[in-house]
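The values are calculated or read from the model by the stated rules, or taken from the named source; none is laboratory data. Worth saying up front: this structure is predicted, and the values here are computed from it rather than measured. Here the Cβ positions follow ideal geometry from the backbone for every residue, glycine too, while neighbour counts run over all protein chains shown.
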Amino acid sequence: MGTATPTRSRILAVGRAVPDRVVTNEDLGVLMDTSDEWIQQRTGIRQRRHVGADCGATDLGRIASEEALRSAGLGIEAIDLVIFATLSPDIDWPASAALLASKLGARRVPAFDVKNQCSGFLYSLACADAAIRSGRARHVLVCGGEIHSSGLDLTTRGREVGVIFGDGAGAVVLGPSEDPGRGIFSVHLHADGSNAEKLWLEAAASRRRPRLLPEDLGGDDPKAFPRMRGKYVFKHAVTRMPEVIREALDHNGFTLGDLDVLVPHQANLRINQMVAASMELDESKVVNNIDRYGNTTAASIPLALHEALADGRVAPGKLVCLAAFGAGFTWAAALLRW
Ligand code: COA
């Protein structure tokens, strides 16, 4: 636990993990009626990664977390809180965060899941930031991890969703910022559940008896696979993301011109290009890696951040905005000085 209340928290290090198995658009074309051209034109995705059997979200999360801890120069004993963002937990319950913490060697620290889909990483970051600012925790591990491949309908029936998602994990270690000019300035969170059915996984569900029926896996529109109204989601994403990015900048007295790097959630390259164009933000300031990983939901922002750190786009002193939109609908942005 912290001894003094720090002014703000800072991301100390980032880690990542993706499965070795590359699944190209051509590979999917063997399983369903789709094409490399269709997928690339609509989404910018060329390939994604899929795990083999017996790999849960926390197995990838563990590798990403270990890298983040190593880079931060900290052992697991320094971590006061573990937050795992996922829509694909290893099992329904208990929380995968507890499983992750245990795999990392932490047996007593608080650990909880944040199930907030594509905004899950930023919701988790807000919790970590609050815990550090308040002095409740000194170091927090936030990991976003997803195994989509075991839950997708990889036939022509599920192609609109099936081609988009990939497996992966990204993790960050946060701690108090020693330098008052660096760290997380603010995190802005929003949700509108009236659009839940526009992008959702309806079964298994506690409101139904039994929660899962045999027909949920079959028929024209199976409830046990994610379903999406693609165009509707797209329209909301390109409206809400610029709104929340501006909200984060305004709140801290910055303008778009001050922003060095935008690390957006990787849902669709076209969404990120449209967001940049509508804000007149130079595309060179926007980090995109969806071409190689698809949409990894709660893992996409730390995966992209890891890449931008490695190639120097994110570096000390840079003003960085992280932004997301996804199922719920939920949307969020964090503004920070690296
Ligand atoms: N391969 C080939 N054809 C496909 C396909 C695929 N993988 N998936 C859908 N299609 C077909 C549809 O069946 C439909 O056919 P129809 O016109 O005969 O009915 C047609 O392609 C739809 O094409 P279009 O209207 O041009 O699609 P789109 O431009 O809306 O693109 C998405 C579809 C899903 C790529 C797009 O809507 C999207 O990205 N939405 C946002 C999704 C998102 O971001 N989700 C996650 C949020 S976190």
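Here is a yes/no grid of residues against (1) under 29 Å from Ser96 (Cα atoms); (2) of a type outside the set (D, E, K, R):
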position	(1), (2)
Met228	yes, yes
Phe234	no, yes
Asp258	no, no
Asn272	no, yes
Ala277	no, yes
Ile290	yes, yes
Lys318	no, no
Arg337	no, no
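Looking only at residues that are touching a Pro at 6+ places or on another chain (Cβ under 8 Å) and within 25 Å of Asp36 (Cβ to Cβ) in region 272-287, which one is nearest to the ligand (Cβ to nearest atom)?
Asn272
Any residue at all in region 27-50 that's touching a Leu at 6+ places or on another chain (Cβ under 8 Å), not β-branched (Val, Ile, Thr) and not in a loop (DSSP other than H, G, I, E, B)?
Checking region 27-50: at least one residue is touching a Leu at 6+ places or on another chain (Cβ under 8 Å), not β-branched (Val, Ile, Thr) and not in a loop (DSSP other than H, G, I, E, B).
Scan region 93-131 for residues that are of a type outside the set (A, V, I, L, M), over 16 Å from Ala327 (Cα atoms) and part of a helix (DSSP H, G or I) and jot them down.
Across region 93-131, the qualifying residues are Ser96, Ser102, Lys103, Cys127, Asp129.
Restricting to region 159-192, give me the number of residues that are outside any loop (DSSP other than H, G, I, E, B) and under 22 Å from Ser300 (Cα atoms).
Number of matching residues: 22.
Scan region 320-338 for residues that are in contact with a Lys or Arg (Cβ under 6 Å, 6 or more places away or on another chain) and either over 30 Å from Glu197 (Cα atoms) or more than 15 Å from the ligand (Cβ to nearest atom) (or both) and jot them down.
Correct list: Arg337, Trp338.
Looking only at region 111-131, which residues are surrounded by 17 or more Cβ atoms within 10 Å (Cβ to Cβ) and more than 17 Å from the chain's Cα centre (by Cα)?
Ala111, Ala131
Hey, any hits in region 22-31 for a residue that's touching a His at 6+ places or on another chain (Cβ under 8 Å) and buried (at least 22 other Cβ atoms within 10 Å of the Cβ)?
No.
Within region 32-62, restricting attention to residues that are buried (at least 18 other Cβ atoms within 10 Å of the Cβ) and among the aliphatic types (A, V, I, L, M), which residue is nearest to the ligand (Cβ to nearest atom)?
For region 32-62, the residue satisfying everything is Ile39.
Could you go through region 67-85 and let me know if any residue there is within 16 Å of the ligand (Cβ to nearest atom) and at pLDDT 95 or above. Show your work before the answer.
In the first step, residues of region 67-85 are kept if they are within 16 Å of the ligand (Cβ to nearest atom); the result is 85.
Keeping just the survivors that are at pLDDT 95 or above gives 85.
Yes, because at least one residue in region 67-85 is within 16 Å of the ligand (Cβ to nearest atom) and at pLDDT 95 or above.
Just checking, does region 132-147 include any residue being surrounded by fewer than 24 Cβ atoms within 10 Å (Cβ to Cβ), assigned by TED's automatic domain parsing to the domain that holds His50 and assigned to a helix (DSSP H, G or I)?
yes
Per-residue answers, yes or no, for (1) away from the ligand (no atom under 16 Å from the Cβ); (2) under 21 Å from Gly15 (Cα atoms); (3) over 18 Å from the mean Cα position of the chain (by Cα):
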residue	(1), (2), (3)
His139	yes, yes, yes
Val142	yes, yes, no
Leu154	no, no, yes
Gly168	no, yes, no
Pro180	yes, no, yes
Gly183	yes, yes, yes
Ala191	no, no, no
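One line per residue, one yes/no per condition, for (1) more than 29 Å from Gly158 (Cβ to Cβ); (2) of a type in the set (A, V, I, L, M, F, W, C):
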{"residue": "Arg48", "(1), (2)": "no, no"}
{"residue": "Glu67", "(1), (2)": "yes, no"}
{"residue": "Ala95", "(1), (2)": "no, yes"}
{"residue": "Ala106", "(1), (2)": "yes, yes"}
{"residue": "Ala111", "(1), (2)": "yes, yes"}
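Quick check on region 240-257. Is at least one of its residues in contact with a Lys or Arg (Cβ under 9 Å, 6 or more places away or on another chain), free of Cβ contacts under 8 Å to residues at least 60 places away in the same chain, surrounded by 13 or more Cβ atoms within 10 Å (Cβ to Cβ) and under 27 Å from Val82 (Cβ atoms)?
Within region 240-257, not a single residue is in contact with a Lys or Arg (Cβ under 9 Å, 6 or more places away or on another chain), free of Cβ contacts under 8 Å to residues at least 60 places away in the same chain, surrounded by 13 or more Cβ atoms within 10 Å (Cβ to Cβ) and under 27 Å from Val82 (Cβ atoms).
Just to verify a result, which residue in region 230-271, among those that are β-branched (Val, Ile, Thr) and outside any strand (DSSP E or B), is farthest from the ligand (Cβ to nearest atom)?
Top of the filtered list is Thr255.
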